[in-house]
Amino acid sequence: MVFANARIHEDYKGLPRPIPDDYRAIPLTNMEVAAGPGLQTQEEPELKSWVLIYTAELALRSVRLIAARVGKNQRSMLPSIQPNDIVVVDLDDKDVQRPGIFLVRDPDEGAALKRVKFFTKRSQPAITFYSDNAADGYEPATYTLDEFDPNPVRAVDKAIVGRCIWQWGDLENR
C-alpha cells in the first residue's frame, strides 16, 4: 500500500512520516448528493478520487464506505451540513433506531441527506425524511414503504442508502 505520496510541509519535515496502515482510503464518487429535494443519481456512481481517513476515527465501521460531495446549492441540512461538504456514508449501517443523518432515496430515486423516522400509518409501515433547515421551507416527506418496493425488507434497503458518519467542510464559509 502506498500512502498517496503524502506531501509534508517544510516546517514538519523532522516529524515521523504518516504510517499507511493508519489510514483508510474511501472512494469519493462523482455522485452529487442533495441536502434538499433528491438529486437524480447514477445506478453505479463512478470513482472521482479518494478520501483518506485516520482509521482510529472509524472504529467498528464496515469496509463498505463511500464519500460524496453535497451539491453547491443544497441547503436543507443547514447548519449541520453545508453545500459543497464531503460526506462519508457507511453503506452497512441502516439502523434508523439510532438517531443520525442518512443518505436516503425518495421513491423517484433521488439521493438526499435526511434524518429518518419509521412508523406505522394506517397499518402500513411508513418512513418520514426530515431536513434540519425546516425554517427555510424544507418540509418533511412521508412515504409508505410500498412506494419503494412491495417487499418491506427490500423497501428499507431502497429507501436507506446508509448512515452519514463523517463530514468535511470549509469552516470559513460557516
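The values are calculated or read from the model by the stated rules, or taken from the named source; none is laboratory data. Bear in mind that the values here come from a model prediction, so they are computed numbers and not experimental data. SASA here: full protein model, heavy atoms, side chains in, ligands and nucleic acids out. Shrake-Rupley method; radii C 1.70, N 1.55, O 1.52, S 1.80 Å.
Summary table below
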quantity: Residues whose placed amide H lies under 5 Å from that of Val33, excluding near-sequence neighbours; calculated: Arg69, Val70, Gly71
quantity: Tally of Lys pairs whose C-alpha atoms are under 23 Å apart, taken over the chain, 8 or more apart or cross-chain; calculated: 9
quantity: Share of alpha-carbon pairs per 5 Å distance bin for the stretch 109-162, given as whole %; calculated: 5, 19, 29, 25, 14, 7, 2
quantity: Largest-first ordering by accessible area, 1.4 Å probe, given options Tyr130, Tyr143; calculated: Tyr130, Tyr143
quantity: Accessible-area composition of the chain, carbon plus sulfur, in percent [1.4 Å probe]; calculated: 50
quantity: Accessible area of Asp157 in the full protein assembly, 1.4 Å probe (Å², nearest 10); calculated: 80
quantity: Calculated Rg/Rh (Cα atoms, Kirkwood Rh) (choose from (1) 0.98; (2) 1.15; (3) 1.03), label; calculated: (3)
quantity: Whole-Hz couplings from phi, Karplus 6.51/-1.76/1.60, listed for the stretch 147-154; x for Gly and Pro; calculated: 6, 8, 5, x, 8, x, 5, 5
quantity: Heavy-atom accessible area order for Phe118, Phe148, largest first, 1.4 Å probe; calculated: Phe118, Phe148
quantity: q = 0.23 Å⁻¹: log10 I(q)/I(0) that the Debye formula gives for the stretch 84-174, counting C-alpha atoms only; calculated: -1.23
quantity: Accessible surface, 1.4 Å probe, highest first, among residues Arg61, Arg17; calculated: Arg17, Arg61
quantity: Helix-only CD estimate at 222 nm, as mean residue ellipticity for the chain, using -39500 (n - 2.57) per DSSP H run (n ≥ 4); calculated: -1000 deg cm²/dmol
